[in-house]
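Written below as structure tokens is the structure these notes are about.
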Amino acid sequence: MGAHSRGNTLDFLKVANDLLPDGASYDACVGCGICASGCPASGLFGMDPRRFINMAMLGMNEELSTTPWVWACTQCKRCAYLCPMGIDVSQLVGAARGAWATEDKPKGIVRSCAAQKLDESTSAMGLMSEDFVEIVEETLEELHENQPRFADLKVPIDKKGAKFVINQNSREPAVEPEEMAPLWKILDYVGADWTYSSKGWAAENFCMFTGDLDAWKEMVETRVDAMNALESEIWINTECGHSFFTIWQGIEKFGLKANFEAESLVTYYAQWIREGKLPVNSDWNKDNLKFTVQDPCQLVRKSIGDRAADDLRFVVKKLVGEENFIDMQPCRSANYCCGGGGGFLQAGMANERRAYGKRKFDQVIATEADYVLTPCHNCHSQIEDVGEHYGGAYTVTHLWTLICLSLGLLGPDERKYLGPELADVNLPEED
Amino acid sequence: MKRGTRKIETQLAIIGTGIAGFAASIFAGQRGLEVAQFGHSGAMAYTTGYLDLLGVHDQRLQQNPWDALDALRQDEPRHPMSGLSNATIRAAIDGFTDAISDMGIGYTKAGDHNLSGLLPNGLAKPTLSVPDTMRPGITALETGAKTLVVDFEGLQGFSAKAFEVNFRDRWPELSSARLTFPGMENRQVFPEVLARSLETSATQQALAELIRPLLNGVEYVGLPAILGMHMPDEIRARMEEAIGVRLFEVPTIPPAVPGIRLRETFERALPEKGVQLEPQLKVAEVDFRPTGATLHLHGPMEDLEVEASAVLLATGRFLSGGLKSDQDSLSETLLDLPIRQPQDRDAWFRQDYLDPRGHPVNRLGVEVDGRFQPVGADGAPVHERLFAAGAILAHQDWVRQRCGAGLAIATAHAATEAAAAVLG
């Protein structure tokens, strides 16, 4: 992808001034470079956050409107977190993305957004509403047959008035439906009154990543309308990062009316453990396998803050044993983006994405952990990919896998994200 | 969807996340106070990592900061450190260096004299306490030991050749070399990037292998401050073992690793000690009442309301946002505290930019009484439960006086003590 001029050339200084957050000032940039120093995308395509701001101040609008770097910046907001002046380059990057001609944008991101518009399901993998319902029903049937202990487990769809409505990343129903079962088992175990929605169920929003605000708004509207219609008190976002940010931020940004509260599944895992409803423990971890955890930027730094990071650590320590948990550094709100966010995984820039991800790889390797837990699908894919690419010997897994493992509920077919050492640990007795 | 409000209660709310704010958090915690601390990335990433107490007085470098403090009390009685005894200041600094050493960043204990801290451009400056990773370099300079200083292709912020050339007269046995950092070929890199990479043992070994053939009988090897971010002393020990000679770090220009180390260490360790820390949120408003104050903060998703029995303001000066200026006047940004200042902006500056006496504007700031309570024109405290510490205070010029850390730590200690006395 090279420089082009088919899109709009933005006046970045004007955009910057329009986007100015309270108390922040773009012309207050002292050029210290703390943003560039702490940004894993620095140096890719010859650009970094400081250079981006400097060029905006100098009116180099043509260059900024055409640099492919805007697709390598994951909009993780670490620069804004570090900047004493609160300068947020990610918003300028969002505007720059939006100004690109559609045909020049990374095709993977554009295609995923287009897929989301096909149907009210809003699935980036193009899974239609009726297909989703059918896959859920079939997967549930198989679960009933193969794991008789769960013969009564229910997966409500469009159950009006359920306390929780939960979204679902398309990857599971589309590619690995058996991976939905651990989440269902957890919800069943705690006796949650929950439902899926057949509309707007998908937990991804590539339209936000295209920089197309209208498309982002359309996705959020479809979802909010669906959730409002179900009259659920709480919308729980599954183990995913950006799908959380895109909803609450979209509701705020576009002034939508939502009759529900937005919460993260991690918050509820923690709450259910504290309440004794989810009595997980680390007895299964007899070999003292070591675990670290990735803080999804979209969930922690960009949304809930360190409270989400605290809940995440509480859950993980209960699951693996406090002594077997090793934090990567830096962590919590200061953690690095893995390089899987912002659509980078789908942008067709594997070399740059892996160069970005080297920072995450080093962080993980420094912990010497055997496992990385990632409550986000993009983090999961990216950390797994850079592990394979750079030769790391760690395994990447979801929280729901470990929760069910700990409770003795994890079936043999639900272990594809566990290493061989856990293939037979704590198998359900009756299966 | 309603924007939620999270409420927390605390005894002492500390506003600011620079050295003064974090020092106050440490001291208040040691005193058993409940602490909540708020702020946004401040100027800490710009430090060399050295803790200066008083490096310049009467326009001269000072080798003995304690004697210099005695002179300061005579010459500048309104300087914020002048009201504190040497014993009090020493106790504060010891408390701080012990605490950060416990948290994982070893610091030298304050001595009776200043050390000659090495600077990236091949100069030295008087400073009280330095990170343990930097201490051997000071000995190397003092003894004129045969030393190799190394830098890296593409590294921003440190030139080994400049370091060598500027030190040549004082340190003839000093030589320099340039290496390509493992895995960082053909690119510009910040010291932070190298430090993160050196957290892994593979990079430590690879770098040691590159350095070993260059030794040629040297006793010491100096590197820019890149020896890892979170356990620099351990990484230095490992690298020393792999290389076989003493190793030391030289600070680099900002943004530099030693400051990032401090910030990340505080962010990690203080919540473990029970501090309710929000290092990403600025306080937007404070409402005072006779028995305390309510602080209002706005997070991305929710608002935060803090009920505090006392407030300690450590928001720094212009760079950190504690003070601001317009064409006519200087003001304090959060509480609009009174700033005693000349009528006319012309009186802010002397004619000559590099005038060694400094500029009057640098000594403007928040006026406090002997209990570090901000006071109004009448000399009475603005609020009974408000205290202030650090660079925001008036009557000091920490940059020229080389007293930044000393000022921050000593006044944070005193302000915390005063707040504790009020809190009972």
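The values are calculated or read from the model by the stated rules, or taken from the named source; none is laboratory data. None of these values were measured; they are calculated from a predicted model. Counting neighbours? That spans all protein chains shown, and the Cβs are built from the backbone with ideal geometry, glycine included.
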Which one is surrounded by the fewest Cβ atoms within 10 Å (Cβ to Cβ), of the residues in region B:98-112 that are in contact with a helix residue (DSSP H, G or I) (Cβ under 9 Å, 6 or more places away or on another chain) and not in a loop (DSSP other than H, G, I, E, B)? B:Asp102
Using the structure shown, decide if B:Val286 is modelled with pLDDT of 95 or more and closer than 21 Å to B:Leu155 by Cα. no
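Just checking, which of B:Gly95, B:Gly137 is in contact (Cβ under 8 Å) with a residue 12 or more places away in the chain and within 16 Å of the chain's Cα centre (by Cα)?
Values: B:Gly137 fails: within 16 Å of the chain's Cα centre (by Cα).
Within the list B:Gly95, B:Gly137, the selection yields B:Gly95.
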Restricting to region B:53-62, give me the number of residues that are in a loop (DSSP other than H, G, I, E, B) and surrounded by fewer than 23 Cβ atoms within 10 Å (Cβ to Cβ). 2
Within region B:285-331, how many residues are farther than 30 Å from B:Val399 by Cβ, β-branched (Val, Ile, Thr) and surrounded by 19 or more Cβ atoms within 10 Å (Cβ to Cβ)? 1
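Do you know which residues across region A:292-315 are in a loop (DSSP other than H, G, I, E, B), within 13 Å of chain B (Cβ to nearest Cβ) and surrounded by 24 or more Cβ atoms within 10 Å (Cβ to Cβ)?
Filtering region A:292-315 for residues in a loop (DSSP other than H, G, I, E, B) gives A:294-299, A:305.
Keeping just the survivors that are within 13 Å of chain B (Cβ to nearest Cβ) gives A:295, A:297-299, A:305.
Those that are in a loop (DSSP other than H, G, I, E, B), within 13 Å of chain B (Cβ to nearest Cβ) and surrounded by 24 or more Cβ atoms within 10 Å (Cβ to Cβ): A:Asp295, A:Cys297, A:Gln298, A:Leu299.
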Among the candidates B:Asp336, B:Asp346, which residue alone is away from every other protein chain (no Cβ under 14 Å), of a type outside the set (Val, Ile, Thr), without any contact (Cβ under 8 Å) to a residue 60 or more places away in the chain and assigned to a helix (DSSP H, G or I)? B:Asp346
Is region B:51-70 home to any residue that is assigned by TED's automatic domain parsing to the domain that holds B:Ile409, over 29 Å from B:Pro255 (Cα atoms) and aliphatic (A, V, I, L, M)? yes
Filter result (more than 16 Å from A:Trp201 (Cβ to Cβ), within 14 Å of chain B (Cβ to nearest Cβ) and among the polar types (S, T, N, Q)) within region A:219-272: A:Gln249, A:Asn259, A:Ser264, A:Thr267
Considering B:Thr17, B:Thr47, which residue is within 14 Å of another protein chain (Cβ to nearest Cβ), touching an Asp or Glu at 6+ places or on another chain (Cβ under 9 Å), buried (at least 19 other Cβ atoms within 10 Å of the Cβ) and within 25 Å of B:Val257 (Cβ to Cβ)? B:Thr17
From (1) away from chain B (no Cβ under 14 Å); (2) modelled with pLDDT under 95; (3) surrounded by fewer than 22 Cβ atoms within 10 Å (Cβ to Cβ), pick out the condition that doesn't hold for A:Glu275. (2)
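Quick check on region B:180-187. Is at least one of its residues under 30 Å from A:Gly391 (Cα atoms), surrounded by fewer than 24 Cβ atoms within 10 Å (Cβ to Cβ), more than 14 Å from every other protein chain (Cβ to nearest Cβ) and more than 21 Å from the chain's Cα centre (by Cα)?
There is at least one residue in region B:180-187 that is under 30 Å from A:Gly391 (Cα atoms), surrounded by fewer than 24 Cβ atoms within 10 Å (Cβ to Cβ), more than 14 Å from every other protein chain (Cβ to nearest Cβ) and more than 21 Å from the chain's Cα centre (by Cα).
Please count how many residues of region B:30-52 are part of a strand (DSSP E or B) and among the aliphatic types (A, V, I, L, M).
To start, the set of residues in region B:30-52 that are part of a strand (DSSP E or B) comprises B:35-39, B:51.
Adding the requirement that they be among the aliphatic types (A, V, I, L, M) leaves B:35-36, B:51.
Selection size over region B:30-52: 3.
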Among (1) assigned by TED's automatic domain parsing to the domain that holds A:Val372; (2) assigned to a helix (DSSP H, G or I), which single condition is A:Thr246 missing? (1)
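Within region A:303-311, can one find any residue that is among the small types (Gly, Ala, Ser) and in contact with a Leu (Cβ under 6 Å, 6 or more places away or on another chain)? Step through it out loud before you land on a result.
Just the residues of region A:303-311 that are among the small types (Gly, Ala, Ser), to begin with: A:303, A:305, A:308-309.
Next, from what is left, pick out any that are in contact with a Leu (Cβ under 6 Å, 6 or more places away or on another chain): A:308.
Within region A:303-311, one or more residues are among the small types (Gly, Ala, Ser) and in contact with a Leu (Cβ under 6 Å, 6 or more places away or on another chain).
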Failed condition for A:Lys257, given (1) under 30 Å from A:Gly211 (Cα atoms); (2) of a type outside the set (Gly, Ala, Ser); (3) assigned to a helix (DSSP H, G or I): (3)
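If a residue counts only when it is among the β-branched types (Val, Ile, Thr), within 10 Å of chain B (Cβ to nearest Cβ) and closer than 23 Å to B:Gln188 by Cβ, which helices (runs of 4 or more DSSP H) contained entirely in region A:16-104 have at least 1 such residues? Working first, answer last.
Details: elements: A:34-37, A:49-57, A:61-66, A:78-82, A:89-99.
Output list reads A:34-37.
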Only one of B:Arg90, B:Arg73 is surrounded by 15 or more Cβ atoms within 10 Å (Cβ to Cβ), touching a residue at least 12 places away in the same chain (Cβ under 8 Å) and either outside the structural domain of B:Ala389 (by TED's automatic domain parsing) or more than 15 Å from the chain's Cα centre (by Cα) (or both). Can you tell me which? B:Arg90
Take B:Glu192 and decide whether it is at the interface with chain A (Cβ under 9 Å from one of its Cβ atoms), outside any loop (DSSP other than H, G, I, E, B) and either modelled with pLDDT under 95 or closer than 22 Å to B:Pro255 by Cα (or both). yes
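Mind listing whichever residues of region A:372-404 are of a type in the set (A, V, I, L, M, F, W, C) and in contact with a helix residue (DSSP H, G or I) (Cβ under 7 Å, 6 or more places away or on another chain)? Don't jump to the end; show me each part of the working.
If we filter region A:372-404 for residues that are of a type in the set (A, V, I, L, M, F, W, C), which is where we start, we get A:372-373, A:376, A:379, A:383, A:386, A:393, A:396, A:399-400, A:402-404.
Within region A:372-404, A:Val372, A:Leu373, A:Ile383, A:Val386, A:Val396, A:Leu399, A:Trp400, A:Leu402, A:Ile403, A:Cys404 qualify.
Please verify whether A:Pro182 is modelled with pLDDT under 95, more than 14 Å from chain B (Cβ to nearest Cβ) and either surrounded by 18 or more Cβ atoms within 10 Å (Cβ to Cβ) or farther than 22 Å from A:Tyr269 by Cα (or both), treating the condition exactly as stated. Working first, answer last.
Numbers: modelled with pLDDT under 95: no; more than 14 Å from chain B (Cβ to nearest Cβ): yes; either surrounded by 18 or more Cβ atoms within 10 Å (Cβ to Cβ) or farther than 22 Å from A:Tyr269 by Cα (or both): yes.
Judged against the criteria, A:Pro182 is not a match.
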From the list B:Glu272, B:Glu264, B:Glu249, B:Glu234, which one is free of Cβ contacts under 8 Å to residues at least 24 places away in the same chain and either assigned by TED's automatic domain parsing to the domain that holds B:Ala124 or crowded, with 17+ Cβ neighbours inside 10 Å (or both)? B:Glu234
Within region B:145-169, considering residues that are in a helix (DSSP H, G or I) and charged (D, E, K, R), the one farthest from B:Leu247 (Cα to Cα): B:Lys161
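Rundown of residues vs (1) in the same structural domain as A:Gly339 (by TED's automatic domain parsing); (2) touching a strand residue (DSSP E or B) at 6+ places or on another chain (Cβ under 6 Å); (3) on the phi < 0 side of the Ramachandran plot; (4) modelled with pLDDT under 95, yes/no style:
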| site | (1), (2), (3), (4) |
| --- | --- |
| A:Ile53 | no, no, yes, yes |
| A:Ala56 | no, no, yes, yes |
| A:Gly59 | no, no, no, yes |
| A:Thr67 | no, no, yes, no |
| A:Cys73 | no, no, yes, no |
| A:Cys83 | no, no, yes, yes |
What do you reckon, is B:Ala145 closer than 30 Å to A:Arg50 by Cβ and either of a type outside the set (Val, Ile, Thr) or touching a helix residue (DSSP H, G or I) at 6+ places or on another chain (Cβ under 9 Å) (or both)? no
Within region A:305-328, can you find the residues that are over 19 Å from A:Glu275 (Cα atoms) and modelled with pLDDT under 95? A:Gly305, A:Asp306
